[in-house]
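The values are calculated or read from the model by the stated rules, or taken from the named source; none is laboratory data. Computed from a predicted model, the values in this text were never measured in an experiment. As a convention, Cβ positions derive from the backbone with ideal geometry for all residues, glycine included, and neighbour counts pool all protein chains shown. To get the accessible areas, we keep the full protein, side chains included, count just its heavy atoms, and leave off ligands, DNA and RNA. Shrake-Rupley method; radii C 1.70, N 1.55, O 1.52, S 1.80 Å.
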Amino acid sequence: MEKNLFRSLTVLADGEQVTGFCYAHLTGREALGLLPLPYTLRILNLPDSGAGQLYAAKELTVLRDNSLLAYGRISAVLRQNVPEGALTEVVFSPGLALWEAPVSLSVEAGVSMSETLRRILAASGTGIPLLSFPGKDPVRSRGQAFYGRAAECVNEALSAADARACLSPAGLRGIPREGLPVSLFFSERDLIDVPSFTDGQMILRTTVTGWPVGEKVSVKWKNGSAEGLVVERRVDINTHGGRWESTLIIKMNTL
């Protein structure tokens, strides 16, 4: 567990820092796939200038030091009076842009899956690039048609290659069903307590760091070790007291 804890968060609205507050509470989760899972940031007694920044902004980013905890497109900004003062709530999601963007696209025969994904992303108009597509990259012998939400079109294309989508601020990755090499290593100093296990998953309560979803991890603690794929990350981070932790859901088998 983190000792001598100094609790602070940096909030950026369209890249510009929001200042003038002491209390902030971030909750939410993100997971493999492209469902627009929401984060909620609650700020107490934010000055009017900061509230104006949030009302005008399209994107929100929350960091601890240089570690990215949450980001995404803003869907709502609410402001209300509570016994402690003025409470501002911001709801945002990393998957919202692809969920809201419509796509109508035909892809001719003989195009690889990675190129199909690039065309879907380009047709979405979101500016999100394809970063990587490890594993199988099949070429379709027949033409394809994609119509609907960009997120659903991406998922449809990936399912043909036994893969799932993983979104990050830099772009989209395909995560193959057979898994990836281990890229993250956890020791006891990264953990709040020992892992728990349920239904083929490892539940890992960790120090507050922006651990990325979609990575293969190796975890070692006093009485054991395990490996798996991070399929979900949850945060409950309160600068005023209470919880201050990230929780990783790690799938021990395949996708």
Dividing the mean separation of Cα pairs under 8 Å (6+ apart) by the residue count of region 132-183 yields a relative contact order in percent of 37
Paramagnetic reach from Thr209 in region 38-71 [backbone N under 11 Å; point 7 Å along Cα→Cβ]:
67
Scan region 99-196 for GluC sites (Glu not before Pro) in coil per DSSP, keeping those whose Cβ has at most 13 other Cβ atoms within 10 Å, and list them by number.
Glu108, Glu178
Lysine pair number, Cα distance threshold 27 Å (strictly under), the chain, separation 8 or more or different chains
7
Please compute the per residue accessible area over the chain with all protein chains in place, 1.4 Å probe, rounded to a whole number of Å².
49
Going residue by residue through region 227-243, the Karplus relation 6.51 cos²θ - 1.76 cosθ + 1.60 with θ = phi - 60° gives ³J(HN,Hα) values, rounded to whole Hz and with x marking Gly or Pro, of 10, x, 9, 6, 9, 7, 10, 10, 10, 9, 10, 10, 6, 9, x, x, 5
Can you give the FRET efficiency for Thr40 and Arg140, using 1/(1 + (r/R0)^6), R0 = 45 Å, r = Cβ-Cβ distance, to the nearest 0.05?
0.65
Set of region 32-48 residues, backbone N closer than 17 Å to the point 7 Å along the Cα-Cβ line of His240:
40-48
Share of carbon and sulfur in the accessible heavy-atom surface of the chain [1.4 Å probe, %]
49
